[in-house]
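A.B. asks: Please see the structure below; I have some questions.
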Amino acid sequence: MRGRLGLALALATALLAAPAHAAARDDTDLLQAKLDAGGAIFIPKLPGGQCYRTRGLWLSRDDTTITSDGACIVALGFGPARLDPGAKRPHFADALFYMTHSTIRAPVPARVSISGLRIIVPQATRMNGIFVGGHEVTLGNLTIGGAPRTGVLVGSGVVGVLHTMVL
């Protein structure tokens with residue numbers, strides 16, 4: 001609990017120290033670093049109804065739990081290419097939370113949960129809210145608004161691929 005509170009305070013402090021003009025703020029690097037570390041991640045609600053702003057995020061670690069007290073996150077556009085960035089057609093994070101392996105030889109993430117967030121995907125970004133390509137995924141108490149291509153996209157659309165999701 002103490003570590004979780006410290007992480008939440010550090011995240012809030014770093015974000016509040018950002019420039020006051022929210023349109024220029026981009027929280028991608030800070031949030032992606034937390035997701036790359038995995039574990040229990042708490043995203044605190046920002047004061048005054050402000051929203052975090054981020055490009056697509058890769059969620060690739062087993063046993064990652066993202067919780068919030070109702071924080072708002074706005075999608076800015078596709079995140080970085082990771083699976084094979086040097087390919088003719090690189091694979092970008094086209095969902096706010098893109099849940100799959102981030103290197104071609106790594107297994108997909110397992111035992112992942114996301115709860116308590118309000119996700120906004122503007123139509124201009126042409127993104128999904130959450131892409132689930134992992135196993136044992138729990139999503140709860142989420143609001144996905146704006147105009148996402150799909151709120152929650154499960155699987156890759158390939159025959160024979162089976163995913164189980166608890167809402």
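A.B. asks: Test of understanding: what is the full-extension gain from Q50 to S115, defined as 0.36 nm times their sequence separation minus their Cα-Cα distance?
C.D. replies: 21.6 nm
A.B. asks: Stretched out fully, how many nm does the piece from D29 to D84 gain, at 0.36 nm a residue minus the Cα gap?
C.D. replies: 17.8 nm
A.B. asks: What FRET efficiency, computed as 1/(1 + (r/R0)^6) with R0 = 25 Å and r the Cβ-Cβ distance, is obtained for T65 and A106, rounded to the nearest 0.05?
C.D. replies: Rounded to the nearest 0.05, the efficiency is 0.80.
A.B. asks: Taking N as the number of residues in the stretch 35-167, what is its alpha-carbon radius of gyration divided by 2.2 N^0.38 Å? Don't skip to the answer; put the middle values down first.
C.D. replies: Working: Rg = 14.1 Å, N = 133, 2.2 N^0.38 = 14.1 Å.
Scaled against compact globular proteins, the figure is 1.00.
Each value in this text was obtained by applying a stated rule to the coordinates, not by laboratory testing. All of these numbers come straight from a predicted model, not from anything done at the bench. Note that each Cβ is placed from the backbone with ideal geometry, even for glycine, and that neighbours are counted across all protein chains shown.
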